[in-house]
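Peer 1: If you scroll down you'll find the structure; I have some questions about it.
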Amino acid sequence: MSKARLTIASKNYGSWSLRGWLLCKMAGLDFTEEHVTTDDPSIRAELLLLSPSFLVPCLYHDGLKVWDTLAIAEYLHELNPDAGLLLVDRAQRAHCRAICGEMHSGFANLRSALPMNLKAHFPGFKSWGGARGDVERITTIWHECLTQYGGPYLFGNKPCAADVMYAPVCTRFKTYDVAIDPAASAYCRTIMAMPEMQEWIAAARAEPDELEELDVEF
C-alpha cells in the first residue's frame, strides 16, 4: 500500500479519531498522522458533542479523501481483505456491519453522559438512566457475540471492525467506573491490552490539556 495520511483530533478525547486510527493500524496501512488543532471551532464542537457531523478522522490515500469511520472501514477492507476488518464469512460480515452501524448511529445518551477522556478517572461516577440503558444494550451485544463466536474478541480470536467501533466504549467504562458484569469486564481488558490501544493511550496521556470543558468533574 502507498503512503497515506490520516487527520485526527485529540487522542485523549477523540473517540472517532481512535476508531479511524485503529482501523488503519489493523489494515496494515502505511500512514502518517496529521493532528487537527482543537482551536478549530468545528473540531471543538465535535469533541464537545455539539456537532452532529464528524469531521475527523479523514483518510487521504491515492488521491482519495475518505471521511466517516464506517466508510474508512469499508475502504480499508477493500484494500486489504486479508486483514479481516469485515470478516470473510458473509453472515459474520453482515452481523459485524450491523453492530458497527448501531454504534455509529446510536447510543447518544452514553456519548453525552460519558465523553471519552483517557486521562481522567471518576470512581463511583453515577450516570443517568438513559446512559444506563445504552450500557445494557452494549453489553448485550458483547455477550451475544462472545457467546456465538467464542471470544476473546467479538468475532473470535482476532480483532475486527466491530472491536474498533466499541474500543472507545471500553475506555469510557474504565474512566467512569461503570459497573458491568465479569464477561464484559474481561472483554474490556482484552481491548485495553491490545498493543495498538496501549500505544494510543500513552500518546493521549502525553498530550497537553486542551479542552478544560471536558476535564471538569461533572
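The values are calculated or read from the model by the stated rules, or taken from the named source; none is laboratory data. Everything numeric in this text was worked out from a predicted model, so none of it was measured. Note that each Cβ is placed from the backbone with ideal geometry, even for glycine, and that neighbours are counted across all protein chains shown.
Peer 1: How many residues, within segment 134-162, are outside any helix (DSSP H, G or I) and of a type in the set (S, T, N, Q)?
Peer 2: Number of matching residues: 1.
Peer 1: Tell me which residues, restricted to segment 1-34, are in a helix (DSSP H, G or I) and touching a Phe, Trp or Tyr at 6+ places or on another chain (Cβ under 8 Å).
Peer 2: Residues satisfying the conditions are Trp16, Leu18, Trp21, Leu22, Cys24.
Peer 1: Find the residue count for segment 126-141, including only residues that are among the hydrophobic types (A, V, I, L, M, F, W, C) and surrounded by fewer than 13 Cβ atoms within 10 Å (Cβ to Cβ).
Peer 2: Total satisfying the criteria: 1.
Peer 1: Could you list, in sequence order, all residues of segment 161-170 that are farther than 18 Å from Asp68 by Cβ and not acidic (Asp, Glu)?
Peer 2: Val169, Cys170
Peer 1: Any idea how many residues of segment 86-133 are under 21 Å from Thr171 (Cα atoms), part of a loop (DSSP other than H, G, I, E, B) and not basic (Lys, Arg)?
Peer 2: 15
Peer 1: Give the residues of segment 184-218 that are in a loop (DSSP other than H, G, I, E, B) and at pLDDT 95 or above, sorted by residue number.
Peer 2: Ala193, Met194
Peer 1: Within segment 56-80, track down each residue that is over 12 Å from Gly20 (Cβ atoms) and loosely packed, with under 14 Cβ neighbours inside 10 Å.
Peer 2: Residues satisfying the conditions are Asp62, Gly63, Leu64, Lys65, Glu78.
Peer 1: Is it the case that some residue within segment 82-104 is buried (at least 17 other Cβ atoms within 10 Å of the Cβ) and more than 24 Å from Gly156 (Cα to Cα)?
Peer 2: There is no residue in segment 82-104 that is buried (at least 17 other Cβ atoms within 10 Å of the Cβ) and more than 24 Å from Gly156 (Cα to Cα).
Peer 1: Hey, any hits in segment 162-183 for a residue that's closer than 22 Å to Leu22 by Cα, of a type in the set (Lys, Arg), at pLDDT 95 or above and surrounded by fewer than 21 Cβ atoms within 10 Å (Cβ to Cβ)?
Peer 2: Looking for residues that are closer than 22 Å to Leu22 by Cα, of a type in the set (Lys, Arg), at pLDDT 95 or above and surrounded by fewer than 21 Cβ atoms within 10 Å (Cβ to Cβ), one finds at least one in segment 162-183, hence yes.
Peer 1: Being surrounded by 15 or more Cβ atoms within 10 Å (Cβ to Cβ) and among the acidic types (Asp, Glu) is the filter here; which residues of segment 184-199 pass it?
Peer 2: Selection gives Glu196 alone.
Peer 1: Select, from Ile201, Ile191, the only residue that is in contact with a Cys (Cβ under 8 Å, 6 or more places away or on another chain), touching a residue at least 12 places away in the same chain (Cβ under 8 Å) and within 19 Å of Gly20 (Cβ to Cβ).
Peer 2: Exactly one of Ile201, Ile191 is in contact with a Cys (Cβ under 8 Å, 6 or more places away or on another chain), touching a residue at least 12 places away in the same chain (Cβ under 8 Å) and within 19 Å of Gly20 (Cβ to Cβ), namely Ile191.
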